[in-house]
Amino acid sequence: MTENTLKNRLDRQDLLVEAALIGENWVSEAEQRFDVTNPSTGEVIAQLPDMGLEQAREAIRVAENARHDWAARTGKERSQVLRKWYDLMVAHADDLAAILTAEMGKPLAEAKGEILYGAGYIEWFAEEAKRIYGDIITGHQPDKRILVLKQPVGVVASITPWNFPNAMIARKVGPALAVGCSFVARPAAETPLSALAMAKLALEAGLPAGLFSVITSTASSDIGLEFCSNPLVRKLTFTGSTGVGKILMAQSAQQVQKTSMELGGNAPFIVFDDADLDAAVEGAMVSKFRNNGQTCVCANRIYVQSGVYEAFAEKLVAAVEKIQVGDGFETGVTAGPLISEKAVKKVKGHIHDALFKGGAVATGGAPHDRGGTFFEPTVIVGATAEMQIAREETFGPVAPLFKFDTVDDVIALANATEFGLASYFYAQDLSRVWQVAEALDYGMVGVNTGLISTELAPFGGVKQSGQGREGSKYGCDDYLEIKYVCLGGV
Ligand SMILES: NC(=O)C1=CN([C@@H]2O[C@H](COP(=O)(O)OP(=O)(O)OC[C@H]3O[C@@H](n4cnc5c(N)ncnc54)[C@H](OP(=O)(O)O)[C@@H]3O)[C@@H](O)[C@H]2O)C=CC1
Ligand SMILES: O=C(O)[C@H](O)CS(=O)(=O)O
């Protein structure tokens, strides 16, 4: 699909933007440009200016100048702009989904789901904008009154990955703007078009210029260092791998910059012998194979109690073999391509290591005959803790099945990782549900469900899966500073 064929799909062809947004200026001129390609076909769908430090610094300066008037508006006024932005995202959801599928590859239905999920964060924080509360505390001396103010942190810089190019930005820019911050985004070079389309609609919704810039660049390290070290940037919010998160945290430490980190995962998915097996298979399918396994909350290890292992494996294989692999624009396709050859190499490596260490392929196991970065949805049986796939995040369509005997055994196995983002289990016994939910060392636990992501809940991890929470009534906290005012002489 070339840019023209993508444009021909769009009602609003102007939402396919081939320029960076620096303050109020759409900038398409640059010494270098880079291609955005459709991972299903390899075709170039857009060319964008490859922005550098000068443009990043300009965007930060503009954001610093624009934020004061925005913070001085009432929460209700900010709420109205965000609500209008939400309405525009929903009104143009089909166009935004087509752009997302073209640049990232996920099936169109999943892309539409992401657009509405991302819009849900804007809607949620349009409401939260009116509910930023401080405190008045009884004084510690007769003439004193203790006031607690909540104030916006200031300029926020954001770095986001390619796998959810709309929703990952929405769940950051939504709370930031709601509380009165300004925002400079650097989306992944693989998938910048979704962010640009969002920004265009934000301006149409009445967001004042300068509050939301989008830096298109392949210079991820340089831009990242600028975001971490520029004294005007009071907060860095990042979604991506733990390795990059550590680099950014180290860079941010130099100026003790506030950070929010949504990092890697290695989710256990546990099926107990009292589970509803059909429900557990349904949950495993959505948790493991959503976005072709390319989400940080995907089931990475599937533990099945020995009494139901064979029955569950048989049902899961049957469900996996119904997955339709292909171009996300093709009707009926439920799994698109992997994002890159690098991703295919990692998936192959995990499969080969598992087979070398005694596992066996129950279905799939090889690149798909469609070629490119398409890969067969795969189930590995006989998985063990010694395999790479037990320790590393696969980020692809491979479901390894591990057998276990007791609750204590599986809790120990599930928690034996440096990650702590999402976890899941299926069981009916109420006592076991409470015991396991409390024992799992993770930021999020899905009980009898494989899909937990919603703007209403606090999304985030513990250990090396990150810091902070996104969404929910807690979602504004990461963008606010608490100020204590001691009022004397009363
Ligand atoms: N917890 C969560 O919500 C999520 C976690 N992830 C995790 O991210 C990984 C997969 O995504 P992937 O894109 O490969 O992750 P990366 O961490 O490689 O990239 C994420 C973003 O960081 C940028 N980046 C890479 N290196 C640097 C650097 N040194 N300084 C500043 N920015 C940098 C990338 O830019 P570019 O791509 O242009 O190089 C991209 O925009 C998995 O581990 C997955 O679990 C992914 C999504 C959500
Ligand atoms: O993996 C991610 O990038 C997202 O966190 C996935 S989710 O929010 O849709 O679960």
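The values are calculated or read from the model by the stated rules, or taken from the named source; none is laboratory data. Model, not experiment: these values are computed from the prediction. Here the Cβ positions follow ideal geometry from the backbone for every residue, glycine too, while neighbour counts run over all protein chains shown. The protein model used for the area step is the full one, side chains on, heavy atoms only, and it has no ligands, DNA or RNA in it. Shrake-Rupley method; radii C 1.70, N 1.55, O 1.52, S 1.80 Å.
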Within region 219-231, track down each residue that is closer than 12 Å to K258 by Cα and surrounded by 16 or more Cβ atoms within 10 Å (Cβ to Cβ). F227, C228
L211 more than 16 Å from ligand 2 (Cβ to nearest atom) and either at positive phi or in contact (Cβ under 8 Å) with a residue 12 or more places away in the chain (or both): yes
Going by the structure shown, is V244 open to solvent by 10 Å² or more (accessible area, probe 1.4 Å), within 13 Å of ligand 2 (Cβ to nearest atom) and within 18 Å of the chain's Cα centre (by Cα)? no
Collect the residues in region 385-415 that are in contact (Cβ under 8 Å) with a residue 40 or more places away in the chain, outside any helix (DSSP H, G or I) and farther than 18 Å from C298 by Cα, keeping them in residue-number order. K403, F404, D405
Selection count where residues are more than 13 Å from ligand 1 (Cβ to nearest atom) and either assigned to a loop (DSSP other than H, G, I, E, B) or farther than 11 Å from V462 by Cβ (or both), scope region 416-425: 3
Kindly state which helices (runs of 4 or more DSSP H) lie completely within region 1-104 and contain at least 3 residues that are more than 25 Å from the chain's Cα centre (by Cα). 3-9, 53-72, 75-91
Could you please tell me which pairs satisfy a Cβ distance under 6 Å, a separation of 6+ or placement on different chains, a first residue in region 135-163 that is among the acidic types (D, E), and a second residue that is surrounded by fewer than 13 Cβ atoms within 10 Å (Cβ to Cβ)? D143/G488; D143/G489; D143/V490
For S423, all conditions in the list (1) assigned by the TED database to the domain that holds G349; (2) open to solvent by 50 Å² or more (accessible area, probe 1.4 Å); (3) touching an Asp or Glu at 6+ places or on another chain (Cβ under 9 Å) hold save one; what is the number of the exception? (2)
Taking the criterion of being among the acidic types (D, E), in contact (Cβ under 8 Å) with a residue 60 or more places away in the chain, assigned by the TED database to the domain that holds T239 and on the phi < 0 side of the Ramachandran plot, would at least one residue in region 118-130 satisfy it? yes
